[in-house]
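FYI, it's all coordinate maths here, none of it is from the lab. Fair warning: this is a prediction, and the values are worked out from it, not measured in the lab. Cβ coordinates were reconstructed from backbone atoms using ideal geometry, including for glycine residues, and neighbour counts include every protein chain displayed.
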Amino acid sequence: MENEEINKQMEELFRLFKKMMEKYPPDSMPGIDKAQAEQLKMMLSNYDSMKVSFSSDMFGFFDEETTKKILAKLISQLREQLGEDAEEVVEKVSLVEQKEKEFEQLPHRYPMLSLGNTYDITEVQEFADRAVKTIGNSFTYSCELKFDGTAICLTYENGKLVKALTRGDGKVGDDVTENVKRISNIPQELKTPEGFIPTLTEPEPWPEQFEIRGEIYMPWAAFDRLNEERIKDEEQPFANPRNAAAGSLKLINSKEVANRGLECTLYHMLGENLPFQTHEQALKAAKEWGLPVSDKRKICKSIDEIEEFITYWDTERKDLPYATDGIVIKVNELAYQEDLGFTAKFPRWAVAYKFKAEQALTRLLSIDYQVG
Ligand code: IVH
């Protein structure tokens, strides 16, 4: 089977199992038949290359303990159906799980949430209408590319990078600081903007401590190069740059991370008493301090402007050197973000719009799982 075909099937299986897990709590999960066990075996045979993005997707819905329970349940069903034939894969999964433990788990200061998805402009309009109801209509939107990578949370103290955590289950993430330090566009020390004059009340241009979140991604060129090497070495290629980025960030040997060609873009600053009124001001400042912030963003005042931004990037993104899967729309004023707050899973001040090609794939893959 062609690699591309295997990758497609992998993605499909991943969605199917996620769907099943959403439907049934692990303790009452129904059994799977032999054909499904064969499919599961195929999926898990690539567990090393998909583990990280698999868990981070799962953690959007379940905590770590539940995810582990689900995996254990699937493994026991695999053994039940395939006997000896399951063992090679089971061993692989447990090896990956052991490796995972080598990263220290640290708590997030602020929960690391994901975003609600919308699939057409009317749903974006609904998001806007809901916001207007709470905060009136004198606010603006920051429209940005939705980078298709793996989320990261960086902490800077006194201008120095001190910590980098993955999303994990949103409450606790893996400490990947040493690996992140090997990513060439992430500064370990911030730079003082030209013309900054220190004062007693503002000795440094940046807050003493702040967090900045973003995405680590693998540009297409680095992804193609890595997969060519993996095929040459008879290793399973990565299904997509997102899995490749997530897998590379979890390499045990930090030095190898430098060779993976990972890049980072940052899009969300957090901290106590940050000196900004808007998200846009925070991103501008971050850029002046030398942090990688995309300039492919726009402040929009109306749904029409948002739609124009979406239409423009839906075409132009094909020429970008990295993968994007949508547009993120955020309320720009930080006080209004606070007024809007969060649901249990997502912020009410931001939403993701998925590009059509991505929607087709998501819809195709989200057919309801009929359990045997
Ligand atoms: S803002 C509170 N901005 O997409 C959530 N996220 O599906 C703040 N992503 O969890 C996230 N590009 O991992 C934001 N410009 C962008 C983004 C972005 C990619 C990722 C991020 C997020 C996920 C939501």
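Test of understanding: what is the full-extension gain from E204 to D319, defined as 0.36 nm times their sequence separation minus their Cα-Cα distance?
Contour length minus Cα-Cα distance gives 37.5 nm.
Which residues' amide hydrogens lie under 5 Å from the amide hydrogen of Y322, considering only partners 5 or more residues apart or on another chain, with H built in the peptide plane?
The list, which skips near neighbours in sequence, is W220.
For T118, enumerate residues with amide H under 5 Å from its amide H, sequence gap 5+ or separate chain, H modeled in the peptide plane.
Amide H neighbours of T118, under 5 Å, 5+ apart: A352, Y353, K354.
Taking 0.36 nm per residue of sequence separation and subtracting the Cα-Cα distance, how much length would be gained by fully extending the chain between D304 and S138, in nm to one decimal?
That pair, D304 and S138, stretches by 58.2 nm at full extension.
Hey, can you grab everything whose amide H is under 5 Å from the amide H of K146? Only 5+ residues off in sequence or another chain; H modelled, so Pro and N-termini drop out.
D325, G326, I327, V328
With the cut-off at 32 Å, tell me which of the pairs K255/K330; K330/K356; K73/K160; K191/K356; K163/K356 have Cα atoms farther apart than that.
Violating the 32 Å Cα-Cα cut-off are K255/K330; K73/K160; K191/K356; K163/K356.
Using a Förster distance of 35 angstrom, determine the FRET efficiency expected from the C-beta separation of N185 and E80, and round it to 0.05.
Rounded to the nearest 0.05, the efficiency is 0.15.
Pulled fully out, how much extra length does the chain show between K171 and F196, if you take 0.36 nm times their separation in residues and subtract their Cα-Cα distance?
5.4 nm
For the residue pair E87 and M42, what label-to-label distance in nm results when each label sits 7 Å from Cα along the Cα-to-beta-carbon direction?
The modelled label-to-label distance comes out at 2.4 nm.
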